[in-house]
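Here the structure is laid out as structure tokens; the discussion comes afterwards.
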């Protein structure tokens, strides 16, 4: 999964809103490595938006592209050994009074 991580707290808040972890458990789950690349529900295998320069306007495309690479086993050194048949991307942007959010769940046909 990839969630919008323009700042560290945004990643945690987004994961809470998406019910990725039980209420109040997010900090513990993250610090315990629960979303590392070798876990059942990895987050930001590519390092997240800050590691790719947070391409404003193109960040959602980057996230979806990363999911595609993982699903098709084309992610080179970032490739997960036990890949899933679907992936989730969450992105947001805009100004406080004109914010937009998008969630995309992509998967392999027939999975």
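What follows draws every value from the coordinates through simple rules; no lab data is involved. Treat the numbers as computed from the prediction; the structure is a model and nothing was measured. In this analysis, Cβ positions are derived from the backbone assuming ideal geometry, glycine residues included, and neighbour counts consider all displayed protein chains.
What to note about this one:
- The chain - mean residue ellipticity at 222 nm from DSSP helices (-39,500 (n - 2.57) per run, n ≥ 4, rounded to 500): -7500 deg cm²/dmol
- Were the residues from residue 37 through residue 106 laid out at 0.36 nm apart, the gain over their Cα-Cα distance would be 23.0 nm.
- Computed from label points 7 Å out along Cα-Cβ, the spacing between residue 8 and residue 65 is 2.8 nm.
- Order of 86, 35, 21 - criterion: other Cβ atoms within 10 Å of each residue's Cβ, fewest first: 86, 21, 35
- Restricting attention to the chain, close to 90% of DSSP beta bridges with both partner residues there are antiparallel.
- Euclidean distance between Cα centres, the stretch 1-66 to the stretch 74-111, Å: 10
- One chain, two ends: residue 23 and residue 97. Fully extended at 0.36 nm per residue, the span grows by 23.9 nm beyond their Cα-Cα distance.
- Packing-based exposure ordering (other Cβ within 10 Å, fewest first) of 65, 8, 89: 8, 65, 89
- In the stretch 8-107, the C-alpha radius of gyration followed by the widest Cα-Cα span (Dmax) gives 13.7, 42 angstrom.
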